[in-house]
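A short worksheet on the structure shown next.
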Amino acid sequence: MNRVYLLLGSNKGNSEALLNEAVLELIDALLPDYLEAESLADAVNTSDILKSAPWGEFDSSEGPVNDFSNMAMAICTELSPEQVLDVCQDIERRMGRGEEDHRCGKEGKEIYRSRCIDIDILLFETLMAAGKAQGRGKVWRSIVVESERLSIPHKLLSQRKFALDCLVKIAPDAYHPVERKRIRDLNNKSDI
């Protein structure tokens, strides 16, 4: 069993409705069918929707950029990190996100555009042991993935206060395996 932490964002259209639609799509695509209703609370968790100013450099040809609505989501899945990425990208496309939402500007700096939905993989954990024999709960291990298509943990997580603000609401004890800190500790850093 795996657990993935996602950040969902939207600043175009009815953002709250789009985020809620994406949550339902993600549950349908990622959550294993065998999980029973009483275990659903352990298998899916979402933060409240938080508003934030746009982060990064945005395409000025679109005019003013709306604030983002963001939420974090933790969900259990049997899928691999790459399969989760495929699911997230498929949902983004079906909900109207285009490939043109990111492009490189001068000096290779990324230029963003407003988008109806954005789903980022923040962290990924693997269930190591149930731990019940020692009187503990489940033991999860954060993993690192570095490939041409995917970086886990998300390369910009520790720089994005809006992402940490959402994630700390549902997973303050989640572990960032590169920074070697808990999410609550990263979120408390004053230099973000």
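Scanning the stretch 128-143 for residues that are of a type in the set (Lys, Arg), outside any loop (DSSP other than H, G, I, E, B) and modelled with pLDDT under 90 yields one hit, 132.
Considering only residues in the stretch 1-52 that are at pLDDT below 95, in a loop (DSSP other than H, G, I, E, B) and in contact with a helix residue (DSSP H, G or I) (Cβ under 7 Å, 6 or more places away or on another chain), the one that is least open to solvent (accessible area, probe 1.4 Å) turns out to be 31.
Can you name the residue in the stretch 147-164 that is charged (D, E, K, R) and free of Cβ contacts under 8 Å to residues at least 24 places away in the same chain and, of all such residues, is least open to solvent (accessible area, probe 1.4 Å)? Spell out how you get there, then give the answer.
Taking the stretch 147-164 first, the residues charged (D, E, K, R) are 148-149, 155, 160-161.
Filter once more, so that each one left must be free of Cβ contacts under 8 Å to residues at least 24 places away in the same chain: 148, 155.
Details: 148: 191, 155: 130 Å².
Checked the stretch 147-164; the qualifying residue least open to solvent (accessible area, probe 1.4 Å) is 155.
Residue 117 - would you say it is at pLDDT 90 or above and touching a Lys or Arg at 6+ places or on another chain (Cβ under 8 Å)? Yes.
Look through 163, 174 and report the one residue that is at pLDDT 95 or above and under 15 Å from residue 8 (Cα atoms).
Details: 174 fails: under 15 Å from residue 8 (Cα atoms).
Step by step, each of 163, 174 is checked, and only 163 is at pLDDT 95 or above and under 15 Å from residue 8 (Cα atoms).
Screening residue 75 with (1) in contact with a helix residue (DSSP H, G or I) (Cβ under 7 Å, 6 or more places away or on another chain); (2) surrounded by fewer than 19 Cβ atoms within 10 Å (Cβ to Cβ) gives one miss only, at (2). The residue list 125, 146, 99 contains one member that is charged (D, E, K, R) and modelled with pLDDT under 95, which is 99.
The values are calculated or read from the model by the stated rules, or taken from the named source; none is laboratory data. As the structure is a prediction and not an experimental result, all values here were calculated from the model. Using ideal geometry, Cβ is built from the backbone for each residue, glycine included, and neighbour counts are taken over all protein chains shown. We work out accessible area using only protein heavy atoms, side chains counted, and drop any ligands, DNA or RNA first. Shrake-Rupley method; radii C 1.70, N 1.55, O 1.52, S 1.80 Å.
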